[in-house]
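The values are calculated or read from the model by the stated rules, or taken from the named source; none is laboratory data. Not measured: the values here are computed from a predicted model. In this analysis, Cβ positions are derived from the backbone assuming ideal geometry, glycine residues included, and neighbour counts consider all displayed protein chains.
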Amino acid sequence: MTAADVDIAVLGAGPAGSTAALAAAQAGLRVALLDEQDAPGGQVWRAKSAAILSAPHTPESKAGAALRQAVADSSIMLHPATRVWQIARTGDGWQIDTLRDGATDSLTATRLIIASGAREVVQPLPGWTTPGVIGLAGATALFKQNLTVPGARTVVAGTGPLVFYVASEIRRLGGTVAAVVTPNTRRDWAGSLPAMLGKPALVARGALWVADLMLSGVPVLWGHQVTAVEGDTRVSRITAQSVTGASTHNFAADSLCLGNGLMPQVEAAQMLGVPLHHDAALGGWVPACSDDGVTPVAGLYLCGDGTGIRGADAAVHHGRLCGLRAAADAGCTSGHAMDIARRNWRRAARFGLAMTALSRPTPALAQLASDDTIICRCESLTRRDILAEIGSGATSTNAVKSGLRAGMGPCGGKYCQTSVARLIAAETGVTEGAVPPPTPRPPLRPVPVAAAAGQFDYDDLPIPKPAPL
Amino acid sequence: MIRLVPNHADRIRRTAEVTFHFDGTTLPGCEGETLIAALMRAGVLHLRNAPHDGAPRGGFCAMGLCQECMVRVDGQVVEACRVTVTPGLQVARL
Ligand SMILES: Cc1cc2nc3c(=O)[nH]c(=O)nc-3n(C[C@H](O)[C@@H](O)[C@H](O)COP(=O)(O)OP(=O)(O)OC[C@H]3O[C@@H](n4cnc5c(N)ncnc54)[C@H](O)[C@@H]3O)c2cc1C
Ligand code: FES
């Protein structure tokens, strides 16, 4: 066997992957760090676009700049703007297939750390496919990268702390928040206070966001949810109702940021044979791994929010722990550093898990979709279509997929499979964890037809093959 | 009005404004910014029509996953949330 290109390849340059790469590189190993973004930072510390010459700093921009500097100062071989679309065994190691600027390439590594992070969960509701409705977490990407707000008047809706962060960023960037709508009650928040006290600075920051909204007269509707979005080619009106249905509010707005927490991106680990289990407290399906990120698959390690949603602070410590573990397995000793990282990780995870608990979609949210509401955006399949397929015996997401193509569109099922699973669970009277997760298929990331210039044909997109039932 | 969160809009410095084209209209943008952001600031959210029901759609995830922001740029189908603005860029709705 020819020697691998690097000792360790790290997929994902967020806080977890970058810190893991730094730990392994500092231990003396040859490390490659791959990410589809143009610079390290991940979701939480996403870098600004080249169009921003200067802007006031935020805690996120400062942390991101420090991370990017640390990576630049290290021996890490950074592969930015590189999409990993396939990973396979080669000998004892790994071959990682990539796409960059429309050109394919590959890299071999003895060990692989996957730090693929999370993506957001959005509970479908009538009108949620109207242009102007964007993900709540997705909105933060717009803010960080382009310092741009989604419209002139935005309703911010969803669960967990992100609603308040997004509302405050819209205000900071000069936009107008029409209302904040959150199913969480003040009591839900009071319940997580004990876990939050470990991070007083973050609590103070959150309290300031809420106080600012109150002082400036932005309606904050606790215990409410958005029930409908109106508009044709763009959002025009948003309806919100109290969770109990007692009161209804309408807001004129041209945009809506909507989100219900995050789920780990487990496809790469799952494809390589790591077993999954369902744990709602961690955000859904999570891959089997030890605290150090060791998986049952030889030479494969996992860290960060891709192993369970514990937040950015925890991702840093988890990355260090995992990077040190992989380096130790490669023969580099690390002394007490692993114990320290593990302790810090556990402490940070406590706060992160409390935020995850607040972010989980409430059962009432699942009732919002009507029969005509689109569940699978790629194939424009409605709740009625999915229910009919379940009614005729499809009791797994894979079965719904092969019957209807729900989840076989260009997004690869990333935004519908959780909703489909919830519908199956509700219809067949089982828990969500009893509905098997969809079988992942390459490409791991959409491989747009950019390379194939010319006539756009929907069928030309590299749509995954139907999964075996 | 009391503001605890300051308005930073005036303190953001961007690259010089350039123009690009969206379905025949000329729009402003900043060189190097993500296309979806320039379109949003110009008030263009409707980026394509869904393949089966023809309903208007626009960018949703802003992170290159949902494929709702697909547009044709200089003849190629790309994600508006992953392409940068350059002077004279030709963008068309799908
Ligand atoms: C859109 C979004 C916005 C968020 N914003 C915030 C926020 O503002 N504040 C906060 O506290 N938390 C935020 N989070 C939560 C986030 O999960 C953080 O906790 C933190 O970023 C997790 O760090 P990580 O390193 O585990 O993963 P991430 O930061 O998500 O990093 C994973 C990296 O892997 C890359 N990647 C994944 N798959 C591939 C592939 N196949 N090919 C190439 N690259 C790949 C991604 O581009 C990404 O940079 C956000 C999450 C999402 C999904
Ligand atoms: S907005 Fe989802 S891929 Fe661009």
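The helices (runs of 4 or more DSSP H) falling completely within the stretch A:294-394 that include 3 or more residues that are within 26 Å of A:GLY17 (Cα to Cα) and in contact with a helix residue (DSSP H, G or I) (Cβ under 7 Å, 6 or more places away or on another chain) map to A:312-329, A:337-359.
Here A:LYS48 fits the description: outside any helix (DSSP H, G or I) and either farther than 30 Å from A:PRO446 by Cβ or away from ligand 2 (no atom under 16 Å from the Cβ) (or both). Count of the stretch A:382-417 residues, restricted to those that are within 11 Å of chain B (Cβ to nearest Cβ) and more than 16 Å from ligand 2 (Cβ to nearest atom), is 3.
For the stretch B:44-69, residues that are away from ligand 1 (no atom under 16 Å from the Cβ), of a type outside the set (D, E, K, R), more than 22 Å from A:LEU147 (Cβ to Cβ) and at the interface with chain A (Cβ under 7 Å from one of its Cβ atoms) total 6.
When B:LEU89, B:LEU35 are checked against the criterion of being of a type outside the set (Gly, Ala, Ser), more than 7 Å from chain A (Cβ to nearest Cβ) and within 12 Å of ligand 2 (Cβ to nearest atom), B:LEU35 stands alone in meeting it. Looking at A:THR140, A:THR98, which one is within 12 Å of ligand 1 (Cβ to nearest atom), facing chain B (nearest Cβ under 10 Å) and not in a loop (DSSP other than H, G, I, E, B)? Within the list A:THR140, A:THR98, the selection yields A:THR140. Scanning the stretch B:57-86 for residues that are among the aliphatic types (A, V, I, L, M) and within 14 Å of ligand 2 (Cβ to nearest atom) yields B:ALA62, B:MET63, B:LEU65, B:MET70, B:VAL71, B:VAL73, B:VAL77, B:VAL78, B:ALA80, B:VAL83. Are there any pairs, at least 6 apart or on different chains, whose C-beta atoms fall under 6 Å, with the first in the stretch B:2-15 and at the interface with chain A (Cβ under 7 Å from one of its Cβ atoms) and the second surrounded by fewer than 11 Cβ atoms within 10 Å (Cβ to Cβ) and modelled with pLDDT of 95 or more, and if so, which? Cβ pairs passing all conditions: B:ARG13/A:SER54. Restricting the stretch B:72-84 to residues that are surrounded by 24 or more Cβ atoms within 10 Å (Cβ to Cβ) and in a strand (DSSP E or B) leaves a set whose member that is farthest from the other protein chains (Cβ to nearest Cβ) is B:GLU79. Taking the numbered list (1) modelled with pLDDT of 85 or more; (2) more than 19 Å from the chain's Cα centre (by Cα) in turn, A:VAL449 passes all entries but (1).
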